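**Q** One structure follows; several queries about it will come next.
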Amino acid sequence: VAEALLEAANTRDWHILRAAVMSNHVHVVIADCPEDGSAVRRMLKGVTQAALSRANGGPTKWWTKGGSDR
């Protein structure tokens, strides 16, 4: 998850200021990203979802719907 977050941010010229990846959730403080926090959250969830599924050998639902984008 951490590697996928870094790759996604780097390809978009966003800057991860802090991140915490835990067994059941993730916190990310990101700068220089679009003002649309929900779109940024959906993108980060999407790339990490894909990375986790690849590592697991097949599609799996990893994240719940929604989340905070403050």
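**Q** Under a point-charge model restricted to the Cβ atoms of Lys and Arg (+1) and Asp and Glu (-1), what is the dipole moment magnitude of the chain relative to its Cα centre, in debye to the nearest 20?
**A** 360 debye
**Q** Okay, moving on. Restricting the calculation to Cα positions, tell me the Rg (one decimal) and the Dmax (whole number) of the chain in Å.
**A** 11.7, 34
**Q** While we're here: With a 1.4 Å probe and all protein chains kept in place, how much accessible area does TRP62 have, in Å² rounded to the nearest 10?
**A** 100 Å²
**Q** Give me the extension gain from GLU35 to ASP69: residue separation times 0.36 nm, minus the current Cα-Cα distance, reported in nm with one decimal.
**A** Length gained, GLU35 through ASP69: 11.2 nm.
**Q** Suppose accessible area is computed on protein heavy atoms with a 1.4 Å probe; arrange LYS45, LYS61 from highest to lowest.
**A** My answer, sorted largest first, is LYS61, LYS45.
**Q** Among TRP63, PRO34, GLY46, whose Cα lies farthest out toward the positive end of the dipole of the chain, if unit charges sit on the beta carbon of Lys, Arg (+1) and Asp, Glu (-1)?
**A** In the chain, that residue is TRP63.
**Q** Under a 1.4 angstrom probe, counting protein chains only, how are MET43, MET22 ranked by accessible area, largest first?
**A** Accessible-area ranking of MET43, MET22, largest first: MET22, MET43.
**Q** Tell me which residues come under 5 Å, amide H to amide H, from ILE16 once H is placed; ignore anything under 5 positions away on its chain.
**A** ALA31
**Q** Leaving ligands and nucleic acids out of the surface, order SER23, SER68, SER53 by accessible area at 1.4 Å, largest first.
**A** The residues order as SER23, SER68, SER53, largest area first.
The values are calculated or read from the model by the stated rules, or taken from the named source; none is laboratory data. Please read these numbers as outputs of a predicted model, since none were measured by experiment. Cβ coordinates were reconstructed from backbone atoms using ideal geometry, including for glycine residues, and neighbour counts include every protein chain displayed. Surface accessibility is based on the protein's heavy atoms, side chains included, excluding ligands, DNA and RNA. Shrake-Rupley method; radii C 1.70, N 1.55, O 1.52, S 1.80 Å.
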